[in-house]
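Just below is one structure, and these are the notes that go with it.
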Amino acid sequence: MFRQAAIIATKQSYPANVRQFATLREIEMRLKSIKNIKKITKTMMIVASTRLSKAQRNKVTTAEFAKPEKNFYQITEAETSPLTKEGKSLVIAITSDKGLCGSIHSSMAKKIRSLLKEDSSAEIITIGDKIKQQILRTNGDNVKLAFNGVGKVDPNFLESSLISSEILKYINESPETYNKISVFFNDPITSISFEATNDPVYNEATVNEAPGLCKYEITQDLNIPKDLFEYALNTKILSAMGKGYAAEISARRNAMDNASKNAGDMINRYSILYNRTRQAVITNELVDIITGASSLD
Amino acid sequence: MFALRRTGLQTLKRTYANEAAASDVLKLQFALPYNVLYQNQAVKQVNLPLQSGRAGILPNHVPIVEQLSAGIVEVFEKDATAAGKKYFVSSGFASVQPDSTLNITCAEAFELSEFDLSKVQSLKNEAEKNLTSSDEVVATDAKIQFDLLTTLENELK
């Protein structure tokens with residue numbers, strides 16, 4: 001259908017009765033603009049490539065930073081805590097504000113939507129405008145809190161602390177209890193593939209009921225599970241943002257690489273068309289001159 | 001017997017860790033948000049400023065999870081008798097896992113030698129001025145800052 005539209009568009013832009021000069025001019029202009037597009041996509045690709053190595057380093061360090069909490073949940077078997085089934089589910093979906101990076105944001109939106117189909121009462125907190133726009137379109141009522149202005153540079157501790165403190169404020173003010181918070185992010189599996197995955201953060205009540213908590217010696221009066229929950233939420237968001245950022249940069253690099261290649265193909269095709277048309281114009285003029293000259297004889 | 005403990009002695013379940021560590025080296029994992037200082041490195045001993053008091057962690061320590069208060073994390077890499085590497089941390093979390101791994105995560109950590117005493121003192125004086133501010137937020141900020149800098153100053157002296 002798209003191809004049909006393209007054919008109609010070409011027909012409209014090059015009507016048969018227009019003189020060939022105009023067509024040649026048009027092809028030339030088109031060619032120039034495609035060359036400009038290629039320059040832009042190529043630059044974006046180079047920018048993404050230079051950012052990629054830093055983003056990947058950031059991904060590794062933030063993952064190390066969040067590891068202790070992950071280990072803690074694993075060892076205490078918080079997943080099997082009876083409270084995880086109760087309460088409302090809270091979902092934090094992390095993308096960024098900028099597009100032009102392939103299907104990375106829409107695959108996240110797809111994942112969230114499929115989750116909402118199963119659990120229509122789940123509350124969504126969005127980080128990044130892209131995911132917010134997509135979820136608002138279909139499930140506007142579920143979006144409770146939205147953050148933007150993230151994902152321009154490598155995520156840092158301050159940024160994630162500000163976000164998590166706002167989220168904690170929301171959780172404390174909300175009448176609902178959220179025993180399990182899922183943080184959704186794009187996990188860069190290889191340099192060319194990514195997957196929208198999620199990691200859980202459990203609140204203090206859930207951790208208190210975790211079957212494996214007895215493996216740790218915990219000072220009672222300090223209220224460690226609560227502090228740990230607040231801290232874990234922050235580290236989890238930071239590491240998820242680190243991973244999401246690396247995935248996004250890598251996806252942008254690939255998308256822009258493909259776009260540059262496509263633009264290159266179009267430039268080739270258009271230069272051939274341009275040369276042919278130019279040749280045809282010259283031949284036509286020659287024919288005109290020769291016929292004119294021969295008619296004078 | 002296990003079942004009895006679980007049902008009958010709920011408090012006991014929380015008080016004593018029943019998981020014994022298996023190895024005799026302490027593996028230290030010390031991570032900052034932007035850097036990893038130690039990655040699973042075998043060390044002799046680590047002293048921590050826990051909220052319940054200062055604690056020295058040796059291999060086979062019982063698994064714990066606790067918040068750090070501002071103070072010195074001292075790492076003895078090879079020898080527990082020689083002076084260890086001292087890092088000043090503002091806050092954070094420390095946890096000993098059942099496999100004798102010590103995880104420390106904090107927002108910032110710097111070696112003690114990197115601090116300048118005169119700068120610390122001047123910052124402390126500045127914070128002291130704001131302690132009596134009428135704005136509650138400013139006063140609380142100043143209080144935290146003042147306490148932290150006092151600890152740091154004492155350590156530097």
query = Residues of region B:63-97 being under 17 Å from A:THR219 (Cα atoms) and in contact with a Pro (Cβ under 9 Å, 6 or more places away or on another chain), which ones?
reply = B:PRO63, B:VAL65, B:LEU68, B:SER69, B:PHE93, B:ALA94, B:SER95, B:VAL96, B:GLN97
task = Please go through region B:24-57 and pick out each residue that is charged (D, E, K, R) and touching a strand residue (DSSP E or B) at 6+ places or on another chain (Cβ under 7 Å).
result = B:LYS27, B:LYS44, B:ARG54
key: Residues within region A:31-78 that are crowded, with 19+ Cβ neighbours inside 10 Å, at the interface with chain B (Cβ under 9 Å from one of its Cβ atoms) and not polar (S, T, N, Q), tallied   = 7
request  = Would you check which residues across region B:33-62 are over 14 Å from the mean Cα position of the chain (by Cα), over 30 Å from A:ASN58 (Cβ atoms) and within 10 Å of chain A (Cβ to nearest Cβ) and list them?
outcome  = B:HIS61, B:VAL62
ask   = Do you know which residues across region A:193-234 are under 32 Å from the mean Cα position of the chain (by Cα), in contact (Cβ under 8 Å) with a residue 40 or more places away in the chain and at the interface with chain B (Cβ under 7 Å from one of its Cβ atoms)?
value = A:LEU228, A:TYR231
task = Take region B:70-98 and flag every residue that is more than 7 Å from every other protein chain (Cβ to nearest Cβ), at pLDDT 90 or above and under 21 Å from A:GLU64 (Cα atoms).
result = B:VAL73, B:GLU74, B:VAL75, B:TYR87, B:PHE88, B:VAL89, B:GLY92, B:ALA94, B:VAL96
key: Verdict on B:LYS129 being in a helix (DSSP H, G or I), surrounded by fewer than 18 Cβ atoms within 10 Å (Cβ to Cβ) and either modelled with pLDDT of 90 or more or aromatic (Phe, Trp, Tyr) (or both)   = no
message = Looking only at region A:73-112, count every residue that is among the basic types (Lys, Arg) and under 22 Å from A:LYS130 (Cα atoms) and tell me the total.
response = 3
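For residues that are part of a helix (DSSP H, G or I) and surrounded by fewer than 16 Cβ atoms within 10 Å (Cβ to Cβ), tally how many sit in region B:101-126.
Step one: filter region B:101-126 for residues part of a helix (DSSP H, G or I), giving B:112-114, B:117-126.
Checking which are surrounded by fewer than 16 Cβ atoms within 10 Å (Cβ to Cβ) leaves us with B:112-114, B:117-119, B:121-122, B:125-126.
Residues that pass the stated criteria total 10.
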task = Taking B:GLN67 as meeting all but one of (1) more than 8 Å from chain A (Cβ to nearest Cβ); (2) under 10 Å from the mean Cα position of the chain (by Cα), write down the number of the exception.
result = (1)
message = Give me the residue from region A:170-187 that is in a loop (DSSP other than H, G, I, E, B) and polar (S, T, N, Q) and, out of that set, nearest to the other protein chains (Cβ to nearest Cβ).
response = A:ASN179
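The values are calculated or read from the model by the stated rules, or taken from the named source; none is laboratory data. Note that the structure is a prediction, hence the values are computed from the model and not measured. As a convention, Cβ positions derive from the backbone with ideal geometry for all residues, glycine included, and neighbour counts pool all protein chains shown.
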